[in-house]
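The values are calculated or read from the model by the stated rules, or taken from the named source; none is laboratory data. Everything numeric in this text was worked out from a predicted model, so none of it was measured. When we count neighbours, we look across all protein chains shown, and the Cβ atoms used for this are built from the backbone with ideal geometry, even at glycine.
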Amino acid sequence: MSFINTVFGIPLGYVMWGCYQLVKNYGLSIILFTLVSKIVMLPVSIMVQKNSIRMIQIQPQINEIKYKHAGDKDRIADEQMELFKKAHYSPMLGMVPMLLQIPLVLGLINVIYNPMQHLMHIKTSVCDQIVAATCSLMGVDQLGSGAQLQAMAALQNPDNLSFFQNALTGTGIDIEAIAAQAATINTHFLGLDLSVVPHITVLAWILLIPLFSCLSTVLLCACQNQANVLQKEQGALGQWGVTIFTVAFSTYFTFLVPGGVGLYWIFSNLFSTALIYILNAVYNPKKYIDYEALEESKRLLAEQKAVEDAYKKKMAPYKAKEKEDYKRFFAKDNENKQLMFYSESSGFYKYYRGMIEELLENSDIVIHYVTSDPEDQVFQIRHERFKAYYIGEIKLITLMMKLDCDIVVMTMPDLETYHIKRSYVRKDMEYIHVPHSIDSMNMTYRKGSIDHFDTIFCVGPHHKDEVEKMEETYDLPHKVLLNWGYCLLDDMRKDYESKEKVINEQKTILIAPSWQEDNIVDSCLEDILQKLRATGYKVIVRPHPQHVRHMPEKMQLLKDKFAEDKNIEIQTDFSSNDTVFNADLIITDWSGIAYEYAFTTLRPVLYINTPMKIMNPEYEKIGVVPINIFMRDSIGCSLNLDQLDRVADEATRLIEQRDLYHDKIDAFVKQYVYHLGTSAKVGANYIKLRLKQIHSED
């Protein structure tokens, strides 16, 4: 308590003493002290108000981030923190008033418990002697935390003066002067003794303090829920959950401290209530916040939550399967695992399929395939050496930490940088990263996302060059870089060659945008459609699946707008790839569908230069131009957003010169994709060789 007295009690004691000297009334001095504390804290309150407004200003953008990256908590956290920095919003600033309130209350408690020191300005050593004399007067060993209050009350009784004079003889203390000073201090206010601690079992007027503390807290919370810029945006459950806790705490707290502290608490609540409306008048949130955009973003999130809740409900029956598969994965008869593939969902099997089939056909290796999709297509595979397991994303964290295996193959990057870590059990496991795109790994992956892999299967020389330059720039350990290729492209080219080619009597253009900020759909789709109308071509718009999932109303509006135009179709059924491979031309922005289409059909692509998707802001540091950029004018042409008036002419030119692009694109593919047609064998042979080397070392 001496620390609290020194740091908080003494400074606040002088403030309280000054207030008392002004009004000469104990209760009014506490009220004035409360008002002074609010005025002193006003600059902080203004900062918090501005900070809260900033938070609600950017809330639509935060909701958009949550909406676009649903399920990717790391991405959401990263982008949210970046947004906070840009908006100069501090998540911790809202805690400052509460943190400042703690020393104020602690100091005030100390001041009220020690009136002789703080209001009468008597030396601590003298106070201690008077308290000791009061103990003798009452026949007790100690008086507890309210010792000075009891000593002052004893001094205020004239009948005790002679006792104190005898007890303090020879100390040099002028007890008569101190008693006279004590007589001027009246701790009563409106008939209530503010030095008394209310007790629920003692029926007395002092119980009005806890009652009014409770009512003032209810008033404050109700006004915060209705008018505080930040609080009113919380859900009803959150608002009233905080209210109930705060009211309960405030009421309980006033039964632990003297009534004077309770009086401070009551008027602190009342002044805080008034301050809400004063701040709203000075810095009106409606002047700074687009509430329509906020409501729209909340509506979209609510729709998304409904989808997520439905998904969770759908996943609930698979809990038992996950538990069983987890147990089976670590079973004793399954200990000596050589090879494991991990897949985030059913759609990722296509990147592994060629290698897995090659391994099953031409080796005796048992493949353990872990997927976070309980309905993954791999559960339909029937082979004695292929073992599939469903492990959800949360349980996967533990599985990866406990993993004991020779080789792990993953398309998922960010090993070690987020929640998925290398094994804690075995340090010599080889982790292989298989790209799930031909894109630049340096630009479209986060910085450091492949640093903790041992081996990278490179699609082409652009990948190899990037990884080597990253290792050199950031002084990273060298990885094994396999000249691999791209199994998915091999499969697509094989399937395409086996199909009968479709010759469109009416030339067909497919618009296939990406799912990123300011993509074609969100920035210029209608403008492009209006320009293409004059060509007479069939135009099919195939939005990204995430657009269809998250913006069904927008997609329906598009369908309705062009319903009467026979040459424009908004297609939201993705069950077949025929639309992609039968098109005479694709128009896209930064979607990976450009590779699939151009590298498979050897037909050109018309790119719209919407803002790039850059996951690594430092991508230029290594000095390698990403393939995403330099290939655009090699396998087609690109237009900036201010050049859209040329879109119809360029589309016509590319369609008419399709045969000229055939050889050019074919040469480009052969230059930038290793081992066309045999990547599955190359990848499988590497895995077989490494497993043989690992076991020969044993």
### Query
buried (at least 16 other Cβ atoms within 10 Å of the Cβ) and among the acidic types (Asp, Glu): does that describe ASP527?
no
### Query
For the stretch 356-371, how many residues are aliphatic (A, V, I, L, M) and farther than 20 Å from LEU403 by Cα?
3
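Being farther than 22 Å from ILE593 by Cα, of a type in the set (Asp, Glu) and not assigned by TED's automatic domain parsing to the domain that holds VAL625 is true for just one of ASP404, ASP439. Which residue is that?
None of the other options fit; the residue is ASP404.
Do you know which residues across the stretch 79-111 are at positive phi and surrounded by 16 or more Cβ atoms within 10 Å (Cβ to Cβ)?
Listed by number, the list is empty, since nothing qualifies.
If you go through the stretch 153-174 one residue at a time, how many are of a type in the set (A, V, I, L, M, F, W, C) and in contact (Cβ under 8 Å) with a residue 40 or more places away in the chain?
Qualifying residue count, the stretch 153-174: 2.
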### Query
Counting only residues that are under 9 Å from TYR89 (Cβ atoms) and of a type in the set (A, V, I, L, M, F, W, C), which one in the stretch 43-60 is surrounded by the fewest Cβ atoms within 10 Å (Cβ to Cβ)?
ILE58
### Message
What are the pairs with Cβ atoms under 7 angstrom where one residue, in the stretch 20-33, is over 11 Å from PHE267 (Cα atoms) and the other, located anywhere, is in a helix (DSSP H, G or I) and among the polar types (S, T, N, Q)? Sequence gap at least six, or different chains.
### Response
TYR20/SER29; VAL23/SER29
### Task
Name the single residue, out of those in the stretch 371-407 being of a type in the set (Ser, Thr, Tyr) and out of contact with any Leu (no Cβ under 7 Å at 6 or more places or on another chain), that is farthest from SER345 (Cα to Cα).
THR398
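Could you pull out the residue among ALA182, ALA248 that is among the small types (Gly, Ala, Ser) and exposed (fewer than 13 other Cβ atoms within 10 Å of the Cβ)? First the steps, then the outcome.
Details: ALA182 fails: exposed (fewer than 13 other Cβ atoms within 10 Å of the Cβ).
Testing whether each residue is among the small types (Gly, Ala, Ser) and exposed (fewer than 13 other Cβ atoms within 10 Å of the Cβ) leaves just ALA248.
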### Task
For LYS664, work out the one condition from (1) without any contact (Cβ under 8 Å) to a residue 40 or more places away in the chain; (2) surrounded by fewer than 13 Cβ atoms within 10 Å (Cβ to Cβ); (3) over 24 Å from LYS350 (Cβ atoms) it doesn't fulfil.
(2)
### Out of GLU564, GLU553, GLU526, sole residue that is of a type in the set (Asp, Glu), in the same structural domain as PRO611 (by TED's automatic domain parsing) and not in a helix (DSSP H, G or I)
GLU564
### Query
Out of all the residues in the stretch 329-351, which are over 31 Å from the mean Cα position of the chain (by Cα), of a type outside the set (Lys, Arg) and part of a helix (DSSP H, G or I)?
PHE329, ASP333, ASN334
### Task
Determine whether the stretch 204-227 contains at least one residue that is part of a loop (DSSP other than H, G, I, E, B) and more than 18 Å from GLY94 (Cα to Cα).
yes
### Query
Name the residues in the stretch 433-450 that are out of contact with any Asp or Glu (no Cβ under 7 Å at 6 or more places or on another chain) and not in a loop (DSSP other than H, G, I, E, B), would you?
HIS433, MET443, THR444
### Query
What single numbered condition from (1) part of a helix (DSSP H, G or I); (2) of a type in the set (Ser, Thr, Tyr); (3) farther than 17 Å from LYS507 by Cα fails to hold for SER638?
(1)
### Query
Which of the helices (runs of 4 or more DSSP H) contained wholly in the stretch 97-165 include at least 2 residues that are closer than 19 Å to GLY18 by Cβ?
115-118
### Task
Filter the stretch 530-557 down to the residues that are without any contact (Cβ under 8 Å) to a residue 40 or more places away in the chain and among the β-branched types (Val, Ile, Thr), then identify the one that is surrounded by the fewest Cβ atoms within 10 Å (Cβ to Cβ).
VAL548
### Query
So ARG646 clears everything in (1) modelled with pLDDT of 90 or more; (2) out of contact with any strand residue (DSSP E or B) (no Cβ under 7 Å at 6 or more places or on another chain) except one condition, right? Which one?
(2)
